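S.K.: Let me give you the structure first, and then I'll get to my questions.
No lab work stands behind these numbers, since they all come straight from the coordinates. On a predicted model such as this, the values are computed, not experimentally measured, just so you know. Positions of Cβ are backbone-derived with ideal geometry, glycine not excepted, and every protein chain shown enters the neighbour counts.
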Amino acid sequence: METVKTVVYALLIAGIFRTLFFQPFWIPSGSMKDTLLIGDFLFVNKMAYGYSSASCPFSICPFSGRILGSEPERGDVVVFRHPVNNTDFIKRLIGLPGDKVQIKDGIIYLNGDMVPQESDGFFTETYEKQGPIGNMPRCLTPVGIGAPCEKEKFIETLPNGVQHSVLNITASQADNTQVYTVPEGHYFFMGDNRDNSTDSRFPQNVGGVGMVPFENLIGRADRIMFSAEGRSLFFFWTWRSDRFFKAIE
């Protein structure tokens, strides 16, 4: 009986810990390459921005609104709930409330000022099925199975000094947009793999995330805990040990 009670208490503590403080998140797609790869496993810091209906579900929190958290900052990698279908997404925060955001020739303009990008060579991966879903990567030029798949890589510097990697595959419709004005209490998100991300550039009625309200933010992704490129976590020969406990920039 004591053993059973110990197990039950441990499960309860783990459940409360997960609900209130951290949430595991597995990367299923390539929209955040090369910052996050398919098969990366991380914990989302649900305390980063305080609690809300998204980060503290059901009626476990004895309060409404958000408390205890800080304000989201440009460059944060954030897990949030899609405003329409409630699917969990992970993207980089680009636009704050009141910002005007536009993309011209693949370059972000924030409040009329260009966000600079500096060439950083190429990101190369193997053209093959990736992860349990079996997605195939997109490449600058068509290649065969098993061949190197390249994308242009740049270092982008946001106005607050945050630097991060972005990828470019091809010229696309989303490389040139209208001017978006971020409403109060909302945020504008983009994926780092710019030509492979359905983000705030796309309206919600076509599957995009549009403008994301503050209450939909679940938390900030700070560190990769584990990573595997295979179709199962048990295939130890596919583990990426160089990504274990890697900070997310």
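S.K.: Multiply the residue gap between ILE145 and ARG223 by 0.36 nm, knock off their C-alpha separation, and tell me the result in nm, one decimal place. If you can, show how the numbers build up before the last one.
M.R.: On the way: separation 78, 0.36 × 78 = 28.08 nm, distance 3.14 nm.
That pair, ILE145 and ARG223, stretches by 24.9 nm at full extension.
S.K.: Taking R0 as 45 Å, what FRET efficiency do you get between ASP242 and SER70 from their Cβ-Cβ distance, rounded to the nearest 0.05?
M.R.: E(calc), rounded to 0.05, equals 0.90.
S.K.: Run the reach check for LYS33 against lysines, Cα to Cα strictly under 16 Å, same-chain hits fewer than 8 apart removed. What comes back?
M.R.: Of all the lysines, those that pass the test against LYS33 - Cα under 16 Å, at least 8 places apart if same chain - are LYS91, LYS129, LYS151, LYS153, LYS246.
S.K.: Now for a different question. What number, in percent, do you get for the relative contact order of region 182-249 if the mean sequence gap of Cα pairs under 8 Å and at least 6 apart is divided by its residue count?
M.R.: The value is 23 percent.
S.K.: I want to make sure I understand the PRE zone here: with the label point 7 angstrom from the Cα of ASN135 toward its beta carbon, which residues in region 209-249 have backbone N atoms less than 19 Å away?
M.R.: Residues 209-210, 221-233, 239-240, 243, 248-249 fall inside that zone.
S.K.: Pulled fully out, how much extra length does the chain show between TYR109 and GLN173, if you take 0.36 nm times their separation in residues and subtract their Cα-Cα distance?
M.R.: 21.4 nm
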